[in-house]
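Heads up: the structure comes next, in structure tokens.
The values are calculated or read from the model by the stated rules, or taken from the named source; none is laboratory data. Everything numeric in this text was worked out from a predicted model, so none of it was measured. Every residue, glycine as well, gets a Cβ built from its backbone with ideal geometry; the counts of neighbours run over all protein chains shown.
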Amino acid sequence: MSKGRVALVTGGTRGIGRAICEGLMNGGYRVVASYNSNDEAANRFAEETGIAVYKFDVSDYAQCADAAARIAKEVGPIDVLVNNAGITRDTTMHRMDRDQWGAVIDTNLSGCFNMSHAVIEGMRERGFGRIVNISSINGRTGQYGQVNYAAAKAGVLGFTRALALESAGKGITVNAIAPGYVDTEMVRQVPPSVLEKIVSRIPMGRLGRAEDIARGVLFLVHDGADFITGSTLDINGGQHMA
């Protein structure tokens, strides 16, 4: 039944988001991806994958509503939403300013509300929906220099559980994935000595791959996963076991 369903992946043109888009496309979904700033990467992604891209800021409620309406008109109603878009503004609390706090909360947490609010009514009317929110191991454990990011990603988990309760009777599942450290462009910027220490704390002995997260998403959005809701799937190589 996945064939032909429209899936939107926010922040879908690079890293984990790109792997999710490609996994869903290979699974038979009609995939669209959003991005906010990197036109060059988005255009290259669209050319290489054939996946349509839409430029908007998930932290802006009106832009999310407009984009969801455009996608519904141009591609079809959104049945699968993957809230993947996220940013970091890392620094310790005593050095963090209000803008660094607000930017991360607005994108990583409020972005989940903005996009979910834009699609939830249509999902309720059609009696089907899949929402997957990408959290983080650091939303589970906290992380030095990331009070904004850890707070947002922990908030995503509470948001997931509450929306799952509200939506279960309408055929909509809402779940989260909490990735560990994944071999992406952002992680590769970590100094090698620090990265070595991170990997040493992962029982599986390696960084995650973007495809590891994509497979988790594909599982949760499948029609057969209709009895799984309000859950968090930890994909971290055993680094944190909840």
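Computed values, structure above
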{"quantity": "Output for the range 154-164, where each listed residue is over 20 Å from THR141 (Cα atoms) and in contact (Cβ under 8 Å) with a residue 60 or more places away in the chain", "calculated": "ALA164"}
{"quantity": "Only one of VAL6, VAL82 that is over 16 Å from ASN108 (Cβ atoms) and in contact (Cβ under 8 Å) with a residue 24 or more places away in the chain", "calculated": "VAL6"}
{"quantity": "Pair list, Cβ < 8 Å and 6+ apart or interchain, from the range 99-112 residues that are modelled with pLDDT of 95 or more to residues that are surrounded by fewer than 16 Cβ atoms within 10 Å (Cβ to Cβ) and not in a helix (DSSP H, G or I)", "calculated": "GLN100/THR91"}
{"quantity": "Only one of PHE159, PHE128, PHE113 that is of a type in the set (Phe, Trp, Tyr), more than 30 Å from PRO203 (Cβ to Cβ) and in contact with a helix residue (DSSP H, G or I) (Cβ under 8 Å, 6 or more places away or on another chain)", "calculated": "PHE113"}
{"quantity": "Filtered residue count, the range 116-144, keeping only those that are assigned to a loop (DSSP other than H, G, I, E, B) and surrounded by 15 or more Cβ atoms within 10 Å (Cβ to Cβ)", "calculated": "4"}
{"quantity": "Residue, nearest to GLU211 (Cα to Cα), within the range 165-183, restricted to residues that are in contact (Cβ under 8 Å) with a residue 40 or more places away in the chain and not aliphatic (A, V, I, L, M)", "calculated": "PRO179"}
{"quantity": "From ALA85, ALA103, ALA72, ALA67, residue being on the phi < 0 side of the Ramachandran plot and touching a Lys or Arg at 6+ places or on another chain (Cβ under 8 Å)", "calculated": "ALA103"}
{"quantity": "Residues located in the range 76-115, provided they are of a type in the set (Asp, Glu), assigned to a helix (DSSP H, G or I) and surrounded by 15 or more Cβ atoms within 10 Å (Cβ to Cβ)", "calculated": "ASP106"}
{"quantity": "Residues within the range 22-39 that are acidic (Asp, Glu) and buried (at least 22 other Cβ atoms within 10 Å of the Cβ), tallied", "calculated": "0"}
{"quantity": "Enumeration of residues in the range 207-235 that are free of Cβ contacts under 8 Å to residues at least 60 places away in the same chain and exposed (fewer than 12 other Cβ atoms within 10 Å of the Cβ)", "calculated": "GLY224, PHE227"}
{"quantity": "Flag for GLY238 being in contact with a strand residue (DSSP E or B) (Cβ under 9 Å, 6 or more places away or on another chain) and either surrounded by fewer than 14 Cβ atoms within 10 Å (Cβ to Cβ) or closer than 18 Å to GLY139 by Cβ (or both)", "calculated": "no"}
{"quantity": "Helices (runs of 4 or more DSSP H) contained entirely in the range 145-242, each with at least 3 residues that are among the hydroxyl-bearing types (Ser, Thr, Tyr)", "calculated": "147-167"}
{"quantity": "Unique residue being modelled with pLDDT of 95 or more, buried (at least 16 other Cβ atoms within 10 Å of the Cβ) and within 21 Å of ILE78 (Cα to Cα) when the list is LEU157, LEU163", "calculated": "LEU163"}
